[in-house]
Every structure is written in structure tokens, then in C-alpha cells.
1. Quick one: with all protein chains in place, what share of the accessible area of segment 22-69 is carbon or sulfur, to the nearest percent (1.4 Å probe)?
2. Rounded to the nearest percent, how much of the accessible area of segment 273-398 (1.4 Å probe, protein heavy atoms only) is carbon and sulfur?
3. Filter the chain for me: DSSP H helices, axial length by Cα at least 30 angstrom, mean Kyte-Doolittle hydropathy not below -1.0. List them by residue number.
4. Within the chain, what percent of beta bridges assigned by DSSP are antiparallel, to the nearest 5?
5. Among DSSP bridges having both ends in segment 184-269, what percentage is antiparallel? Round to the nearest 5.
6. Could you estimate the translational diffusion coefficient of the chain from the Stokes-Einstein equation, with Rh from the Kirkwood formula over C-alpha pairs, at 4 °C and 1.567 mPa s, in whole µm²/s?
7. Once you keep just the Cα pairs under 8 angstrom separated by 6 or more residues, what percentage relative contact order results for segment 204-303?
8. Would you please report the Å³ per residue occupied by the convex hull of the alpha carbon atoms in segment 195-294?
Amino acid sequence: MSTPWQRTAEGANLLSPDGTLGVTIFEEITTLANRHNAINLGQGFPDEDGPAELSRLAQAAIARGENQYAPGKGLLDLRRAVAEHQNRFYGLNPDPDTEIIISTGATEAIAAAILALTGPGDEVLTFEPFYDSYGAMIGLSGASHTTAALLAPDFMPDLATLESSFSRRTKMVIINNPHNPTGAMFPVEVLNEVVRLAIKYDAVILTDEVYEHLTFGPRHIPVSTLPGAAERTLTISSAGKTFSFTGWKIGWLSGPAELVAAARTVKQFLSYSSGTPFQGAIAAGLRMGGDFFTDAAATLARKRDILAEGLRAAGFDMYLPQGTYFINADTQKLGITDATALARRLPELVGVAAIPVPVFCHPEGAKRTRSLLRFAFCKQVPLLEQAAERLATLKDKI
């Protein structure tokens, strides 16, 4: 029988066929990028800080001595700011006292929710490709990880067959919208069908909305705003992506009091609390004017377009994302069907690093996505322009 760490590693695609523990593809590609002095467009983190005024607020909080434990469910001011944000943007009214908790980034909120509400004998359904922490935590919980395919070119599920991915054992459905790694945004028709099926099979919906403000055209639709969804939906977001402070690790989870209480019960024995001087700064960030949020998305859209042009020039088929930090490119047009092998060669070939999409899939999904590479464009414009120039030389080097 496997141990918890082995189930976690297997869920995140870190176990080799012989059962030995391998390094993550992120670590492997970063090592190659460093060795060849390549521009690393693999991992999704910005290379510049967020708003300076938020940094100053955090520094002032540290200087005032706000350096001890925050309450386990987070500072009241930040919980109130999350509630205000949900009301201002989406018309939702979560109770800061019973329906919101602050977590150590979205990752901890995801872990707490999955571990609190699923276990052996249950199934947890995600779309595929899927963010790797979902698989890891589903594995740790002892539940079975089932998937529904997202199909190129728009990376939408087949609504006619989606119900076949559900069963009487489906305890939770995880939706990542906007979606990492594909950059897709699910329209209301898709979201309503997920809600309908979750109700039919009595499943909790866990929705990861960390890219909610980083969208390029379509407006983000929180699942909990849809008919019948609120009573069974836990919503997760964080400050890392919206404010470009990924290292602060401030996230939040909101939803019905009984589901939030279940997640909080587990969460208090993971980190208990964290980031006290950062929590007040993020509260101020959530109260910033609407221009901040629209300007951040517009800036990121420009960066997306710069990298997209470089990928086109390189000869890739390119899938323009509607949100997130990421753009997917298909290598088949270049006569390459193994994107993982190309990812290992790219840093040396052209001095750019990317992540192969198959690592975000189970074996069958990995076959379906085997020619896809994911590039991050959350970098400074001069670096992206340089990466685009380097990528344009790829056709001549393979």
C-alpha cells in the first residue's frame, strides 16, 4: 500500500514507472535554462514587483511590530476587504466572520478544501490539463482523480459527453477559471452545465479563480453567482497573481459557512496563519480603484501579444489565451510531435525555456497534448521582445 507522500507524488506526476521520485519538470527546465543562460518562460511568476504603495504598507506594518500570528481565519480587515471585493465586482455578499478565511496562498486553500471534504472511495473531477497541485492533493486525500478533457483549439469540454465523467462517487468538481495551463475562460454555458451536474450528483464545487482579473476580453464569471451554485461552491483566489506579489502567499477561500468551517479545520493544522504584515497591505490592494485592475489586464494583454508574435514567427500554431499568464503553442506544424523532448532542447537551441503541457495530464491526456508547450508572458516587455527574437530563429535550428 502506498504512503501519503507516494500518493502525493504520483498525483503530481512525480513518480517514475519504477516508483522512484523524480524532480519536477519545472526544476528540470529551470536547471537547463540556467545552464544555457536562457530566458525562462516556464514558471508563472512576474519578474517585477506589484504596486509600490502596497510594499510600503507592508514595510510599515513590519516596523510597527505587526509580526506575530494573525488570527487563524485571517485579519478581520482583510476578510472584510475580500467581502467588499466580491460585492463590488460580482454582487456577492459573503460574511467576513463565517464565510471567508485567509490562507497561505491559494495553494493552501486548495489543499485544505480537498483534504477536508474528500477521501478514500470518493472521486474528484477536474478538467484536463490540470494544475499540478490538484493531482497532488487528490492523491494525498486518498480519493480517485477523474478528468474531463479540454479540447483544442478553444480548450472547452465536450458538453455532450461531460456527464460521462461524473459518477455517484463524484464528491468534488474542481474548476480553474481562467484556466491554467490553457488560458481558456469558460463561458456561462459550460459553467451552468458543471453546476447542473454537480447538483445532480451532489458534488461540492471548488473553483480556483486566481486569474479572475487577468482576462483579455471576456468578463470573468464566478461560479457562485450562477443559479443553484452558491450553496455548494467554495471559491478560491489570491493576491499573488492580481498584485504580482507571489512571494507574499496571501490567499482566501469563501463560500457557505459549513464548507468554509470544514476547510478551516484542516487549514489550521497546515499553517494556522501566515503573512501578518502582508494581510493589511493586500486589504488595501483589494480596495484600489477599478482602473488598477483594468490597467493590469491591459498591460498583460500587450505582453501576451508580443510573445504570440514571436511564436508565430517561430512557426508554431499558437492558441491565443483569453486569460492567465500563459500561452500554448503547438509544435506539430514544425514536424515535432514530442513537446517534452523539445522543451528539454529549447534552452540550448534558442535560449528560451518553456514547459510541456503533457506534464499537466494523466497518461491518456498526455498523449492528446503531447505536442503542446506552455510559455509564460508575465515578464517585462524588453525580455519578452528578446525571447520573441530568439524564438523566431527556431525554424532554422531544428
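The values are calculated or read from the model by the stated rules, or taken from the named source; none is laboratory data. In this text, all values refer to a predicted model and were calculated from it rather than measured experimentally. Glycine also receives a Cβ, built like all others from the backbone with ideal geometry; neighbour counts cover every protein chain displayed. Ligands, DNA and RNA are stripped out before the accessible areas are found, and what is left, the full protein with its side chains, is counted by its heavy atoms. Shrake-Rupley method; radii C 1.70, N 1.55, O 1.52, S 1.80 Å.
1. Working: 1440 of 2950 Å².
Answer for segment 22-69: carbon and sulfur cover 49 percent of the accessible area.
2. Using a 1.4 Å probe with all protein chains present, segment 273-398 comes out at 50 percent carbon and sulfur.
3. Helix filter hits for the chain: 290-314.
4. 50 percent
5. Values: 4 of 8 bridges.
Roughly 50 percent of the beta bridges in segment 184-269 run antiparallel, per DSSP.
6. After rounding, the answer is 60 µm²/s.
7. About 27 percent, as a whole number.
8. Working: hull volume 11.9 nm³, N = 100.
Spelled out: Cα convex hull of segment 195-294, divided by residues, is 119 Å³.
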